[in-house]
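Asker: Sending over a structure as structure tokens; questions will come in a sec.
Nothing in this text is a laboratory measurement; each read-out follows from the coordinates by a stated rule. This is a predicted model, so every value here is computed, not measured. Backbone-built Cβ (ideal geometry, glycine too); neighbour counts: all protein chains shown.
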Amino acid sequence: MIGAVDLPPEESQVETRSFERFFEDEYARLARALFLVTGDPGESEELAQEALVRVYERWDRVGGLESPTGYLYRTALNLHRSRLRRLAAAARRLVAPAPPSPDPAAMAEARDELGRALDALPRAQREAVVLVDWLGMDAAEAGRVLGIEAVSVRVRLSRARAALREALGGST
């Protein structure tokens, strides 16, 4: 083919044979070394295979390095470290203590205290708090519901919140 960018078959076969030779020379030795690192024959085989796949994918660059074997071992050890990090993160998630569940009695007491504080508010302030803080309306929307201006809703909210802070000991 004129203008084709592919290498002639004989050159690409030389490159492939070169990797095949590299594979034959390094695979068993790499798997044994990884077994010494991991202590697990299955994991060492997987890591060796994955590392060699990654080297093969980059063989056009790696094959020309001063030490393709060093690159292979560094790749394998990086893969092993990545697995260890993933496993450690998964273990942390598994053994992480569950957040403490709230004490039902304390929740009931807090709800009761808030209810009493709301009951102590004037009706107009209570309505503003319920519409804006609990139902999520903005001041203009709450004003339309109450038949007042948005600025009046904001004034009621400000007064209601100040009264609630005082009644609840500054905790809100």
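Asker: Can you give the convex hull volume of the alpha carbon atoms of segment 104-165 per residue, in Å³?
Answerer: So the per-residue hull volume is 72 Å³.
Asker: Tally Lys/Arg at +1 and Asp/Glu at -1 over every other residue whose Cβ is under 14 Å from the Cβ of GLY39; what's the total?
Answerer: -2
Asker: Quick one: if you stick a label point 7 Å off each Cα along the C-beta vector at ARG116 and ARG58, how many nm between them?
Answerer: Calculated label separation equals 6.9 nm.
Asker: Report, to two decimal places, the Cα Rg of segment 9-95 normalised by 2.2 N^0.38 Å (N = number of residues).
Answerer: Rounded to two decimals, the normalised Rg is 1.26.
Asker: Moving on. Go ahead and estimate [θ] at 222 nm for the chain from helices alone: -39,500 (n - 2.57) per DSSP H run with n ≥ 4, summed, over the residue count, rounded to 500.
Answerer: Helix-only estimate at 222 nm: -25000 deg cm²/dmol.
Asker: Which entry in [x] 34.9, 92; [y] 24.5, 70; [z] 26.4, 102 matches Rg and Dmax of the Cα atoms in Å derived from the coordinates of this structure?
Answerer: Given [x] 34.9, 92; [y] 24.5, 70; [z] 26.4, 102, the structure-derived one carries the label [x].
Asker: Can you tell me the length gained on complete extension of the stretch ARG74 to GLU20, counting 0.36 nm per residue apart and subtracting the Cα distance?
Answerer: Net length gain for the segment: 17.5 nm.
Asker: Next question, about the same structure. Quote the FRET efficiency, to the nearest 0.05, computed for GLU43 versus SER67 with a Förster distance R0 of 41 Å and r equal to the Cβ-Cβ distance.
Answerer: Rounded to the nearest 0.05, the efficiency is 0.95.
Asker: Lys and Arg at +1, Asp and Glu at -1: add these up for the other residues within a Cβ distance under 15 Å of ARG93 and post the number.
Answerer: Net charge in that neighbourhood comes out at +3.
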